[in-house]
């Protein structure tokens, strides 16, 4: 395939070669520019992703530390003396002691709220006294179903968070009593507002944002507070941290996230791709602009190359092709004073000189060809004379008067044809009749050993002008080299077959076997006979005369025949008006 492409390129025009060479230079350079652009974009993207990932990791660690500290504070309520006394001995305590314990518990709850930015409210539920104590209020109504639900939820989950009525809580329950109920429950409510403010600080991008999402999708906080529309973000998160580019509502985002085993939640940060890749679009716009300008210049260069070089060169090539076909009247004009002006002038001078030479040589060439034809024809005439008279002598001795008359008629026709010299050419019908007269003479001579099978001449070829004596030498060659020594069963076949643009004549005998090496040697002699005059006897001068008359589209060819002997194929072009 590579070889065929090389041959196709080498055989194309100079204009095409220039365009291909230009493309071979321009395309790699353009490809390298695109590769550099893509590499820089990927590098910048990796740097931005790395920065976002570091920020996510830092804020997630900070959040884990803060929630962990709050979680440790709530565990102190398990061993708190006031809580244990109120949840177990409140009925034996005086009102004064209960009041003092409640005030101390409120102070401890306030300390929890003050200790963390993310704690909004701290509350303790004590079922025995039917009281809910918070850092800011004292309620005489305790929801037992809420206490049991929160206790079960906190015991069944590894995450520190519990969700109740859309509030995010951290719950600590006391060990269950013998009857299975919870003695008291501490509840720390986290501030969604403060958590959202922290998420806003993570990105600091006007169109970006951050999300804190529970792994089990029980709760989710976003930096802009519109949690519902982030359901699509949740589906993109996996069980491990990572980064990816996603499309939400037709807009591309860069998403970076990390997962906290302690919190049981993802912290994800997202920014619109266009926010960081605006420089890429500008660079790409410049690249397309450069590409368009380059293509414009390439088109102008190609047009200039076509007008100044390729078009004049094509005109010169077309003029040479007309001259090859014999049109020597072609002339070229060029308006510009450049190299093509010189080439055109020299071409015009060459054609003028050729016209002069042809005028001088043409008649000499015609005379030479006519003399050559006469010489070639005269070499055939004496070949048959002595054999003919010997056959006539034997028939006269036998007093076979009928055959003598018939034989002398064929013989007279034969010698009248070959001795008539007023015309160099005859019609194919006349040549065919002469060949049949010769065949009848030979069939009379070898009547006991040779049979002939001669097809009629096609009507379309009867009036075609051909050189004289082109069929009879082929038949004579078969008799002389193949059939003359056969005792019986000899066969000579002459067939005619029309083909596109010409007539094919096949002369075949069933003489001795001939091998392909001999056939190739004979065909080699035929090719030689078309180039020099040394081989000017028999079938070779027939081939030579056909070349002189019709050119290389006519002539002879040797092959092994179906009868086992030699097959001589002659081809004669048919003029268009005959076809």
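The values are calculated or read from the model by the stated rules, or taken from the named source; none is laboratory data. Here the structure is a predicted model, which is why all the values come from computation and not from measurement. Cβ coordinates were reconstructed from backbone atoms using ideal geometry, including for glycine residues, and neighbour counts include every protein chain displayed.
Identify all residues within the stretch 292-313 that are out of contact with any helix residue (DSSP H, G or I) (no Cβ under 6 Å at 6 or more places or on another chain), without any contact (Cβ under 8 Å) to a residue 60 or more places away in the chain and within 22 Å of residue 345 (Cα to Cα); write none if there are none.
If the condition is that a residue be out of contact with any helix residue (DSSP H, G or I) (no Cβ under 6 Å at 6 or more places or on another chain), without any contact (Cβ under 8 Å) to a residue 60 or more places away in the chain and within 22 Å of residue 345 (Cα to Cα), then 307, 308, 311 are the ones that fit.
Is it the case that some residue within the stretch 26-40 is modelled with pLDDT of 80 or more, touching a helix residue (DSSP H, G or I) at 6+ places or on another chain (Cβ under 9 Å) and either outside the structural domain of residue 258 (by TED's automatic domain parsing) or surrounded by 14 or more Cβ atoms within 10 Å (Cβ to Cβ) (or both)?
Within the stretch 26-40, not a single residue is modelled with pLDDT of 80 or more, touching a helix residue (DSSP H, G or I) at 6+ places or on another chain (Cβ under 9 Å) and either outside the structural domain of residue 258 (by TED's automatic domain parsing) or surrounded by 14 or more Cβ atoms within 10 Å (Cβ to Cβ) (or both).
Tally up the residues in the stretch 409-445 that are buried (at least 20 other Cβ atoms within 10 Å of the Cβ) and part of a loop (DSSP other than H, G, I, E, B), please.
0
Quick check on this structure: which one of 267, 328, 313, 287 is surrounded by 14 or more Cβ atoms within 10 Å (Cβ to Cβ), within 30 Å of residue 251 (Cβ to Cβ) and outside the structural domain of residue 49 (by TED's automatic domain parsing)?
Result: 287 is the single residue among 267, 328, 313, 287 that is surrounded by 14 or more Cβ atoms within 10 Å (Cβ to Cβ), within 30 Å of residue 251 (Cβ to Cβ) and outside the structural domain of residue 49 (by TED's automatic domain parsing).
Can you find a residue that is in contact with a helix residue (DSSP H, G or I) (Cβ under 9 Å, 6 or more places away or on another chain) and assigned to a strand (DSSP E or B) anywhere in the stretch 546-555?
Yes, because at least one residue in the stretch 546-555 is in contact with a helix residue (DSSP H, G or I) (Cβ under 9 Å, 6 or more places away or on another chain) and assigned to a strand (DSSP E or B).
Quick test for you: out of 558, 540, pick the one residue that is modelled with pLDDT under 85, touching a helix residue (DSSP H, G or I) at 6+ places or on another chain (Cβ under 7 Å), under 26 Å from residue 485 (Cβ atoms) and in the same structural domain as residue 491 (by TED's automatic domain parsing).
Of the residues listed, the single one that is modelled with pLDDT under 85, touching a helix residue (DSSP H, G or I) at 6+ places or on another chain (Cβ under 7 Å), under 26 Å from residue 485 (Cβ atoms) and in the same structural domain as residue 491 (by TED's automatic domain parsing) is 540.
Within the stretch 510-520, which residues are surrounded by 12 or more Cβ atoms within 10 Å (Cβ to Cβ), over 9 Å from residue 564 (Cβ atoms) and touching a residue at least 12 places away in the same chain (Cβ under 8 Å)?
Hit for the stretch 510-520 is 519, nothing else.
Residues in the stretch 362-379: is at least one touching a helix residue (DSSP H, G or I) at 6+ places or on another chain (Cβ under 6 Å), in a loop (DSSP other than H, G, I, E, B), modelled with pLDDT under 75 and surrounded by 11 or more Cβ atoms within 10 Å (Cβ to Cβ)?
Checked against the condition, which is being touching a helix residue (DSSP H, G or I) at 6+ places or on another chain (Cβ under 6 Å), in a loop (DSSP other than H, G, I, E, B), modelled with pLDDT under 75 and surrounded by 11 or more Cβ atoms within 10 Å (Cβ to Cβ), the stretch 362-379 yields no hits at all.
Filter the stretch 455-470 for residues that are surrounded by 17 or more Cβ atoms within 10 Å (Cβ to Cβ) and without any contact (Cβ under 8 Å) to a residue 60 or more places away in the chain and give the result.
457
Which ranges mark the helices (runs of 4 or more DSSP H) fully within the stretch 70-157 that have 3 or more residues being within 60 Å of the chain's Cα centre (by Cα), loosely packed, with under 15 Cβ neighbours inside 10 Å and without any contact (Cβ under 8 Å) to a residue 24 or more places away in the chain?
Where helices (runs of 4 or more DSSP H) fall fully within the stretch 70-157, none carries at least 3 residues being within 60 Å of the chain's Cα centre (by Cα), loosely packed, with under 15 Cβ neighbours inside 10 Å and without any contact (Cβ under 8 Å) to a residue 24 or more places away in the chain.
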